[in-house]
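Chemist: My questions will all concern the structure given below.
Readers should treat all values here as calculations from the given coordinates under stated rules, not as data from a laboratory. These figures come from a predicted structure and were not determined experimentally. Heads up, the Cβs are rebuilt from the backbone with ideal geometry, glycines too, and the neighbour counts pull from every protein chain shown.
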Amino acid sequence: MNILMTGGTGFIGSALTKELVNQGHSVTVLSRNLDKVAKLCGPGVQALGSLSLINANDRYQAIVNLAGAPIVGARWSQARKQEIRDSRIGLTEQLITCIARMEIKPELLISGSAIGYYGNQGDTVLSEQATPYEDFSQQLCADWEAAAKQAEQFGVRVCLIRTGLVIAGGGGFLQQMLLPFRLGLGGRLGDGRQWMSWIHRQDWIHIALTMMADATMHGAYNATAPNPVTNAEFTRLLAQCLNRPALLPVPALVLKMMLGEMSQLLLGSQRVVPERLLAQGFKFHYDDLAAALHEALS
């Protein structure tokens, strides 16, 4: 299969790219830094500097769209919010323009989204059919998904992958948590009752590969393990895996003062379940958080 990927040098994308190459697929990664593609994805991956270089007679059986500026980092000023939106929605709209001019259309578009689609919903269990609560993250994901679904007008099968907190070694949100926990300075965030819906990166990759292989899959899927945990339970297990205490909670007020609106990423609660994946018999390798953390930290 010939596959075009955006976001292929990222924490998830680079691992997926390597797996696709190992399985014999041909992968082209869109990146402004062409040298970065070979370094992070391997020498067998082709690099593409701009979507404008795609010709009408170029053919890709699948497109995987994972590009997006980091949502965690600088405070959410209006300019920063617009950058986050443009890097996801704007690029997805450019992909739809590319699909429109292709003489032979892709069979599949897998497009990124996130469980932020549901907004902050406390203890409510959230399947793919749940009604979202509107905030910045929710609107971002909803507009991102709507842009991707435009590919359906060209006969392209669209799968939307609503990703939770991704666990694996060497990067991601877990890497950012390790230093304070290893120093014995970790603890819950706020009251710790907010739900964290997580997934091991290997299971995420397995979901994407299943979407490529199973032509019956379409629409939105929650890419989260079946057993979400509260923040208090997550921090307890992480500290336990590191043989450290978790005694220093960070008050919600401090997070709100430090991060402003972006603090909702840490204090918001999404208790998400992968209802559609489970209904079709998808098997998670890591459905237990302790096992996932041990593997990531090994």
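Chemist: Report D for the stretch 140-290 in µm² per second (integer): Stokes-Einstein, Kirkwood Rh on Cα pairs, 4 °C, 1.567 mPa s.
Modeler: The diffusion coefficient I find is 76 µm²/s.
Chemist: Ranking Arg157, Arg75, Arg201, Arg80 by Cβ neighbours within 10 Å, fewest first, what do you get?
Modeler: Arg75, Arg80, Arg157, Arg201
Chemist: While we're looking at this one, here's another question. First obtain the Kirkwood hydrodynamic radius of the stretch 49-167 from its Cα pairs, then insert it into the Stokes-Einstein equation at 10 °C and 1.306 mPa s, and state the resulting D in µm² per second as a whole number.
Modeler: Approximately 103 µm²/s, per Stokes-Einstein.
Chemist: What ranking do Thr230, Thr235 get, fewest neighbouring Cβ atoms within 10 angstrom at the top?
Modeler: Ascending Cβ contact count within 10 Å gives the list Thr230, Thr235.
Chemist: Any idea what the dipole of the chain comes to, in debye rounded to 20, about its Cα centre with Lys/Arg Cβ at +1 and Asp/Glu Cβ at -1?
Modeler: Computed charge dipole of the chain: roughly 640 debye.
Chemist: Between Glu152 and Tyr133, with labels modelled 7 Å along Cα→Cβ, what's the label distance in nm to one decimal, could you check?
Modeler: Spacing of the two 7 Å Cα→Cβ label points: 2.7 nm.
Chemist: On to the next question. May I ask for the equivalent-ellipsoid semi-axes of the stretch 96-157, computed as the square root of five times each C-alpha gyration tensor eigenvalue and listed largest first in whole Å?
Modeler: With the √(5λ) rule applied to the stretch 96-157, the semi-axes are 29, 11, 7 Å.
Chemist: For the stretch 17-173, what relative contact order do you get, as a whole percent, if you take Cα pairs closer than 8 Å and at least 6 residues apart?
Modeler: This gives 21 percent for the stretch 17-173.
Chemist: What relative contact order, as a whole-number percentage, does the chain give when Cα pairs under 8 Å and 6 or more residues apart are counted?
Modeler: Normalised by residue count, the contact order of the chain is 18 percent.
Chemist: How large is ³J(HN,Hα) for each residue in the stretch 277-289, as worked out from phi by the Karplus curve 6.51 cos²θ - 1.76 cosθ + 1.60 (θ = phi - 60°), to whole Hz, x for Gly and Pro?
Modeler: Once θ is set to phi - 60°, the couplings for the stretch 277-289 become 5, 5, 5, 9, x, 5, 10, 7, 6, 10, 10, 10, 4 Hz.
Chemist: Continuing with this model, one more query. Please report the antiparallel percentage of DSSP beta bridges with both residues in the stretch 142-298, rounded to the nearest 5.
Modeler: 20
Chemist: Still on this structure, I have one more. Two decimals is fine: what is log10 I(q)/I(0) at q = 0.08, 0.09, 0.12 Å⁻¹ for the chain, from a Debye sum with one equal scatterer on every Cα and no solvent?
Modeler: -0.34, -0.44, -0.79
Chemist: Follow-up question, since we're still on this one. What percent does the relative contact order of the stretch 129-213 come to when contacts are Cα pairs within less than 8 Å and at least six residues apart?
Modeler: 26
Chemist: Arrange Ser113, Ser137, Ser298 by Cβ neighbour counts within 10 Å, fewest through most, would you?
Modeler: Ranked by crowding around the Cβ, least crowded first: Ser298, Ser113, Ser137.
Chemist: Now for a separate question. Using the structure shown, select from Lys81/Lys149; Lys18/Lys283; Lys39/Lys105 the pairs with a Cα to Cα distance greater than 25 angstrom.
Modeler: In this structure, Lys39/Lys105 exceed 25 Å between Cα atoms.
Chemist: Just Met211, Met257, Met196 to compare: in a GNM of the chain, with alpha carbon springs under 10 Å, which one fluctuates most?
Modeler: Judging by the Gaussian network model, the answer is Met257.
Chemist: Under 10 Å, Cα contacts only: if you run a Gaussian network model on the chain, which one of Val272, Val254, Val229 comes out with the highest mean-square fluctuation?
Modeler: Taking springs between Cα atoms under 10 Å, the residue moving most is Val254.
Chemist: Oh, and also: Just to confirm a number: summing +1 for Lys and Arg and -1 for Asp and Glu over residues other than Ala246 whose beta-carbon lies under 11 angstrom from that of Ala246, what do you get?
Modeler: Net local charge, Ala246 excluded: +2.
Chemist: So, counting K/R as plus one and D/E as minus one, what does the shell of residues with Cβ under 9 Å around Asn227 add up to?
Modeler: -2
Chemist: Another question, then. With only alpha-carbon atoms counted, please give the Rg and Dmax of the stretch 1-119, in Å.
Modeler: 14.6, 43
Chemist: Work out Dmax and Rg for the stretch 234-298 from the C-alpha atoms and quote the Rg first, both in angstrom.
Modeler: In Å, with Rg to one decimal and Dmax whole: 16.0, 44.
Chemist: Here's something else I'd like to know. Angle, helix 172-182 long axis vs. longest principal axis of the chain, Cα atoms, 0 to 90°, nearest 10?
Modeler: Roughly 20 degrees, rounded to the nearest 10.
Chemist: Moving on to the next point. Using a cut-off of 11 Å between beta-carbons, work out the net charge of the residues near Ser197 (Lys and Arg +1, Asp and Glu -1, Ser197 not included).
Modeler: Neighbour charge sum, excluding Ser197 itself: +2.
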